[in-house]
Structures are given as structure tokens and as C-alpha cells.
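Structure, as C-alpha cells:
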Amino acid sequence: MSSSKRLDDLISALQIMPGIGPVSAARIAYALLDYKRPEGLRLSEILKSALNEIALCPECRNYTDEEGQRCAICEDFHRRDRGVLCVVETPQDVDAVENSGIFFGTYYVLHGHLSPLDGIGPSELGLDILSSRLAQGTVHELILALSQSVEGDATAQYIAAIARKYGVKVTTVATGVPVGGDIRSTDGSTLALSIENRREFR
């Protein structure tokens, strides 16, 4: 407990961030108060705007600036492999694939994986939207770039069944993504090779 309730509230609020415990939160709070007040106020404005305005792209479910607005990747008509759709679990996975510099198709972001015990089913992952997108007939290959876990495998099997119903070829990233690991924690070179050497999903 500090000398100020507002300071205690600030330290407590900072701890919602991943990897920020009481000591780190206190260090950040004191730094903001001691010599970063203008930057802190600017940060608060950006946080408020981001949390109020950032929404999901209606086409791929990646983040976009406004409700109902397509994201920059879906709007980019210069992407030469628009018939190739890469399914990932998180927006961070999109960033990882983009940074590999080898993929020029589009994406679909699940924001998780199937987990009935946690109440996460097909509707929570937007699989009805994905099914409608595949039904349009513009996608000829669907790449599954999901985590190598029990939940990730179950999700991949479910999505593959949807894709095959529409005659879409289903592939998955090659070995190189570690078992139990995820796309966003894989280095760029390994991820690039995994995408380039993707194999048919069975």
C-alpha cells in the first residue's frame, strides 16, 4: 500500500497486462508519475480510442479500425494469391506469417480454438462466417496454420470437414512448428519454410 489510493489503483490496474506483476506495475506507475506524465496521458487517450473503436473485420475477423470496415489486408487487391486462405488462431499469428515474407494470400482469424469445456464452440470461432466465405467458390486452397496441440488438431479437423464440403483443397504447415507450440512463437525463417513446404491435411 502506498501513500495514495489513486496510485494503488494505478498499480493494480497495470497488472492486467500479461507478464506484469506488482513489482513491474509499481515501477511503471512511478516512472509515469515521476517523468512521463505527458506520455502517460497520450497513452491513456490511445488506449481509450483503441478499446472503443478497434473491431473485427467482417471478412477475416482480424482487427480493423472501425466496426463493419474491412481490414487493410482484405482491402489489398494486389495480393496475388487471393484464392489461398490461411486460417490462424490469433491476429498475432497473422503478423508472424506476414513477417515471414512468403505468403501473399488472405487470412481467417479464429480468436481461439474449439474448447467445449470453456464454452468455445464453432459459433464463437465464427465458423459460420468461414463456411459462407468458402461457399462463394473464390477459395481454392485453405491452409491450416493452427497450434500443434490437442485443441488445435480438433479445430483443424472440424474446419477441414467444412472446406472439403465445398471442394476446397486443405493443407497444413509442414513440420518446423513445434508440437505444443504456436505460430507466433516460431521464428520467421522456420515459419517461411513451413508454409512453403506445406502438405495436404489428412
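For labels at Y63 and S12 in the simple 7 Å Cα→Cβ model, what's the distance in nm? So the label points at Y63 and S12 sit 2.6 nm apart. Hey, with R₀ at 30 Å, roughly what FRET efficiency would H78 and S132 work out to, going by the Cβ-Cβ distance, to 0.05? Rounded to the nearest 0.05, the efficiency is 0.75. Remark: segment 101-165 carries a charge dipole of roughly 260 debye about the Cα centre, counting +1 on each Lys and Arg Cβ and -1 on each Asp and Glu Cβ. Extending 7 Å from the Cα toward the beta-carbon at both S115 and A161 defines two label points whose distance is 2.1 nm.
Phi angles of segment 4-16 translate, via the Karplus equation with coefficients 6.51, -1.76, 1.60 and θ = phi - 60°, into HN-Hα couplings of 9, 5, 4, 5, 4, 5, 5, 4, 5, 5, 5, 6, 6 Hz per residue; Gly and Pro are given as x. Candidate cross-link partners of K36 among the lysines, defined by an alpha-carbon separation under 20 Å and a same-chain spacing of 8 or more, comprise K5, K48. To put it simply, the accessible area of the chain at a 1.4 Å probe is 54 percent carbon and sulfur.
Figure the gain on full extension for N99 and R42 (residue separation times 0.36 nm, minus the Cα-Cα span) and round it to one decimal in nm.
Additional length available on full extension: 17.7 nm.
Across all C-alpha atoms in segment 45-139, the radius of gyration and Dmax reach 14.0, 43 Å. Below 8 Å, C-alpha to C-alpha, sequence gap of six or more: please give me the relative contact order for segment 1-129 in percent. For segment 1-129, the relative contact order is 14 percent.
Solvent-accessible area per residue in segment 1-83 equals 76 Å², computed with a 1.4 angstrom probe and all protein chains kept.
The values are calculated or read from the model by the stated rules, or taken from the named source; none is laboratory data. Because the structure is predicted, anything quoted here is derived from the model rather than measured. A quick note on method: Cβ atoms are made from the backbone with ideal geometry, for glycine too, and the neighbour counts reach across all protein chains shown. Keep in mind that these areas ignore ligands, DNA and RNA; they rest on the heavy atoms of the full protein, side chains included. Shrake-Rupley method; radii C 1.70, N 1.55, O 1.52, S 1.80 Å.
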